[in-house]
Structure formats: C-alpha cells, structure tokens
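Q: Here it is, the structure, as structure tokens.
Every read-out reported here was derived from the displayed coordinates using simple, explicitly stated rules and does not represent laboratory data. Here the structure is a predicted model, which means the values were calculated and not measured. When we count neighbours, we look across all protein chains shown, and the Cβ atoms used for this are built from the backbone with ideal geometry, even at glycine.
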Amino acid sequence: MKAAALIVLSSMLAACTVGPDYKRPIADTPPTWKTDSYWRVGEPSHAPLALDWWRSFNDDTLDALETQALAQNQTLAAASAHYEQARATLAQTSSLAVPEVDLGAQASRSRISKNRPANSYTTPNMSTVQNDLKLAPTIDYDIDLFGRIRREVESAQASADQSRDDLANARLVLTTDLASDYFSMRELDAEIDVLNRSVDLQKKALDYVTTQHDLGAVSGLDVLQQQSQLDSTRVQAQLLANQRAQFEHAIAALVGTPAPQFSLAPVPDDHPIPSIPLGLPSDVLQRRPDVASAERAMAAANAQIGVAKAAFFPSLTLNGTIGWESTALASLVSAPSLLWTIGTMASQVVFDGGRRSAAVAFASEGYRATEANYRQTVLNAFEQVQDGIVGLSVLDGAAKQSHAAVVDAQRLLSLANDRYSGGLVAYLDVITAQQQLLTSERQDVQIRGQQHTVSVALVKALGGGWNADDAASTAGSYSVGSNVESTN
C-alpha cells in the first residue's frame, strides 16, 4: 500500500511541467500585394498552387526532368534521410516516458575457501562448492516530476516537424532550380536560333556584296564590313553555346545523371507564361516550408528552455526487481526461490557553480535567435513575392515594347537594303540595320526567358504548392530509397 501510495503521489507530481509553454509569435503581414496595371491576376485568384506546379508550363520535357529529379536527386535523398533520422530521434526520446524493463540472468559455480577469516570462533570454517542461479527482471522508471522528459519529447517532436518542412523545402528548391535552369537553357536556345538566322541572312548579304564587288559596282570596303559583321555574329553564337552547355550540365546534376551522359536537343521555347495565383500575403506563411521550418525551430528551442529549467528540480526514479534465485535449476522457478525488491532514488543538486543557470540562459538566447530567424524568414518571403510581382509586371510591359522594336528593326533593314540597292546610302547603313535587328531579336527572346525564370521564382516565393495544413501527408509520400512523390 505504501508503494502504491508513493506511485500515485509521484504521478500527481509528474503533472507539473516547468518552462514556458510555446506560443507562436504573430508576424506582421501586409493586407495586399503592391501591383500595377501590367499585373494580371490568375483566376481564381484564391486557388492554391498545385504540388506539381511545373505542369502549368505545358512542357513535356520539363515534366519528365522534374519526375527524374524527384526520383534520383541526391540532395533530396539526403534531406529524406535526415527526416527519417529526426523521426527516429523522436521515437527514442518518447521512449524515455515509459518504464524500462531489463531481463537479467546469472549462473555461477563457486568454491568457498576453508582458510577464509572466521565469522565465529565457535564454528569452524568449511570449504564448500555451490551453484548460484538467478533470473530477475528489473524495472526502472523516471517519474519525470517536473516535465523534463515531456519537454524533451516536445522538442524532439518540433525538430521532427522542422526536418519534415526542410524536406519539403528541399523539394521546392530542387524543382524550382531545375525549372529555372531549364528555362534559362531554352532562352539560350532561342537566342542561338536568332544568331543562326542572322548568320544565314548575313551570309546572303555577303554573297550579294561580293557579287557587286566583282562587277565593280562597290568597293572592297563594303565586303570587309559585311565579313566582319558575319564573323562577329558567329563568335557570339559560339559563346552562347558554351553558356548553354553549362546549364545543361547543371540540369544533369539535378536529375542525378553524369554530365557526359546527358544531353537535351536545342528547342526554342514557345510555351505561354501561365497565370500564377497569388492569394493574400498572409497565405505565404502557410504556403512556404522554410517559414514553417523556422517556426518549428522556435518550438523546439522553447521546449529546451523547459528542459534546462527542470534540471533545477529534484529527480525521482522508481526501480524494482522480481525474480528467482536458487542453487539448482530444478527449483529455480518456485515459490521458495522468489525474490523481489522495490525502491526509489531521489537526487537534488545543491551547488553546481552556476552551470544550470548558464544552461537556462543559453536555451533562452537560443529561442531568441530562432524567433529572430523566423521573423526575418517571413520578411524575406514577402520581399521575394513582391519582387516576383514587380518583375513580371515590368517584363510584361517590356515584352510588348520589345515585340514592337523587332518589327521596327525588320522594316529598317528592309528599307536600308532598298536604299543601298538604289545607291542612296553607304553599306554601313545596312550593317547598322542588321545589327539593330539582331539586338532587338535577342532582347526579345531574353525578355521572354526572363518571364519564365521570374515566374518560377514567384512560384518558389509562394511555396510551390506546399501547404502547412497537409505537410505531414506530403512528407510521408517520400521514400528514402527513391524519393518519388505522388502528385495525385
């Protein structure tokens, strides 16, 4: 009865938990995004991004690359392994809250010396040989009077959640980096195509000027000017081919394929820019896994304050043993061989030179650091989304002007050729018109490529389809071996 009373009392005391309870800090969120007349809001504007957001670009090659990257990227595999480690740590920490049962067994045979010191002068010592067989499970249970273990479990749970969010963020970074590199490469394909068409046009112009020179109609200066223009355009195409190769190699690394074994055929991108649903600024806090990760880091750090404070209070451990001991195996498991013990051990630190106070201060400052990191992550999120909105708005207007500039440059070149054929202008005017058309066409495809990459950056800033409400199911769809994630 006394033992039972002790257990009940300990359980009542265990309801106490020292340390501050976690409260998520409130982050200031603007009511709306800053937009202008160029921005076109997707319909419906409140619709969330799909987890497989890249399919909205309607590019089969990109779809295949993203699928391959999710299955074979090693950085994502490492993030998945870290998440499984965090789950294992949580399971290990949670096990501290339940009693530990150990099964102990002992078997020995010993001989007692006849010449050992005497215990009684009236009874002589004798030499004996005997067996000692023991089978005795032991039970140890930390009562957790002031919630140290509960705070450790709380911290481990928050750390596991943080690792889950880090895994989701690694997926987002992988898919957006891959899409950004892919569209940058396709922009170079389009730019190289412009240069190749310019080379063909300039070669025809060179043939025409050479023929005119052979007939004595023009001087050799016109021929040299056109030849110089052609050579310069060829050099530019070669330099762009080197840049394209670098993006292709980066894509190979992201999809888990050695660069020498990977290639993508040049295809100028002509896919439309999809509309991206923004939602409200407050939605970003639910959409971005890095924000969720920073918030979970705060929860873990807050629980560590409780762990540090619990070290100031007494610890109480219950232990007990029940088993059998005998000199013969036949009589080991029997009522006369039964043995048991029950006890408790309490400890309280009296003086530690300020070590525990320093631990509490360390944990408290650690929480302050994670809180500052959370608030900065939120600020960065708003900055990146607003950058994407402004970037797409500016590029939308620039694209319209760029298209007009290409049309004007084409008309200028046609007019310059006609006037040169009529002997009204020098051939330098034709060269200038060729250069203007090339510059306008390259600028046009560059703006289009930037629209794609800024759209991807905006998707990344908005969280790429991830949502805090279903984060557990999202993370659970990963496989450590393959990292394939279902998008159904």
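Q: How large is ³J(HN,Hα) for each residue in the stretch 233-242, as worked out from phi by the Karplus curve 6.51 cos²θ - 1.76 cosθ + 1.60 (θ = phi - 60°), to whole Hz, x for Gly and Pro?
A: Karplus-based 3J(HN,Hα) across the stretch 233-242 equals 5, 5, 4, 4, 5, 5, 5, 5, 4, 5 Hz.
Q: If you take every residue apart from residue 332 with its C-beta less than 12 Å away from the C-beta of residue 332, what net charge results, scoring Lys and Arg +1 and Asp and Glu -1?
A: Once all neighbours under 12 Å are counted, the net charge is -1.
Q: Over the stretch 65-132, what is the mean sequence separation of C-alpha contacts under 8 Å (at least six apart), divided by residue count, expressed as relative contact order in percent?
A: Once normalised by length, the contact order is 24 percent.
Q: While we're here: State, as an integer percentage, the relative contact order of the chain based on alpha-carbon contacts under 8 Å between residues 6 or more apart.
A: 28 percent
Q: Would you mind pulling out the separation of the Cα centroids of the stretch 311-390 and the stretch 185-252, in Å?
A: Their Cα centres are 71 Å away from one another.
Q: A further question on this structure: So, counting K/R as plus one and D/E as minus one, what does the shell of residues with Cβ under 10 Å around residue 179 add up to?
A: Value of the local net charge: -3.
Q: Would you kindly give the portion of the calculated P(r) for the chain that falls above 34 Å, as a percent of all Cα pairs?
A: 61 percent
Q: According to the Cα gyration tensor, what semi-axes, each the square root of 5 times an eigenvalue, does the equivalent ellipsoid of the stretch 144-250 have, listed from largest to smallest in whole Å?
A: So the equivalent ellipsoid measures 66, 9, 7 Å along its semi-axes.
Q: Go through 211, 121, 183 and say which Cα lies farthest out towards the positive end of the charge dipole of the stretch 119-250; charges sit on Cβ, +1 for Lys and Arg, -1 for Asp and Glu.
A: Positive-end residue among those listed: 121.
Q: Mind checking which of 380, 85, 249 is farthest towards the positive end of the chain's charge dipole, using Cβ charges of +1 (Lys, Arg) and -1 (Asp, Glu) about the Cα centre?
A: Checking the options against the dipole of the chain, the answer is 85.
Q: Cα to Cα, under 19 Å, and not fewer than 8 places away if on the same chain: which aspartates and glutamates meet these conditions relative to residue 400?
A: Once the sequence-local aspartates and glutamates are set aside, what remains near residue 400 is 36, 187, 191, 269, 270, 408, 441, 444.
Q: Still on this structure, I have one more. May I ask for the distance between the Cα centers of the stretch 281-305 and the stretch 432-465, given as a whole number of Å?
A: Taking the Cα centre of the stretch 432-465 as reference, the centre of the stretch 281-305 is 34 Å away.
Q: Sticking with this structure for a sec: Please quote Rg/Rh for the stretch 80-150 to two decimal places, taking the Kirkwood radius as Rh and restricting both calculations to Cα atoms.
A: Result for the stretch 80-150 is an Rg/Rh of 1.38.
Q: Net charge near residue 158, counting Lys/Arg +1 and Asp/Glu -1 over other residues with Cβ under 12 Å of its Cβ?
A: So the environment of residue 158 carries a net charge of -1.
Q: Please determine, in degrees from 0 to 90 and to the nearest 10, the orientation of helix 2-13 with respect to the longest principal axis defined by the Cα atoms of the chain, where the helix direction is its Cα long axis.
A: Orientation of helix 2-13: about 30 degrees from the principal axis.
Q: Then there is this: Work out the length of the dipole vector of the stretch 36-169 about its Cα centre, built from +1 on the beta-carbon of each Lys and Arg and -1 on the beta-carbon of each Asp and Glu, and round it to the nearest 20 debye.
A: That gives a dipole near 1640 debye.
Q: When the Cα centres of the stretch 128-183 and the stretch 53-71 are compared, how far apart do they sit, in Å?
A: Each part's Cα centre sits 34 Å from the other's.
Q: Given contacts defined as C-alpha pairs under 8 Å and at least six residues apart, what's the relative contact order of the stretch 321-378, whole-number percent?
A: After rounding, I find 24 percent.
Q: Can you put 269, 387 in order of Cβ neighbours within 10 angstrom, beginning with the fewest?
A: So the ranking, lowest neighbour count to highest, is 387, 269.
Q: Using only Cα atoms and rounding to the nearest 10 degrees, what angle (0 to 90) does helix 148-214 make with the longest principal axis of the chain?
A: Its long axis makes an angle of about 20 degrees.
Q: Give the lysines reachable from residue 23 as a straight Cα distance under 30 Å; neighbours fewer than 8 places away on the same chain don't count.
A: 309, 460
Q: Please report 223, 284 as a ranked list, fewest other C-beta atoms within 10 angstrom at the top and most at the bottom.
A: 223, 284
Q: With everything on Cα atoms, drop me the angle between helix 74-94 and the longest principal axis of the chain, reported from 0 to 90° to the nearest 10.
A: Result, in degrees: 20.
Q: Further question on the same structure: Based on DSSP H runs of at least 4 residues, each adding -39500 (n - 2.57), what is the mean residue ellipticity at 222 nm of the chain after dividing by all its residues, to the nearest 500 deg cm²/dmol?
A: Computed mean residue ellipticity for the chain: -20500 deg cm²/dmol.
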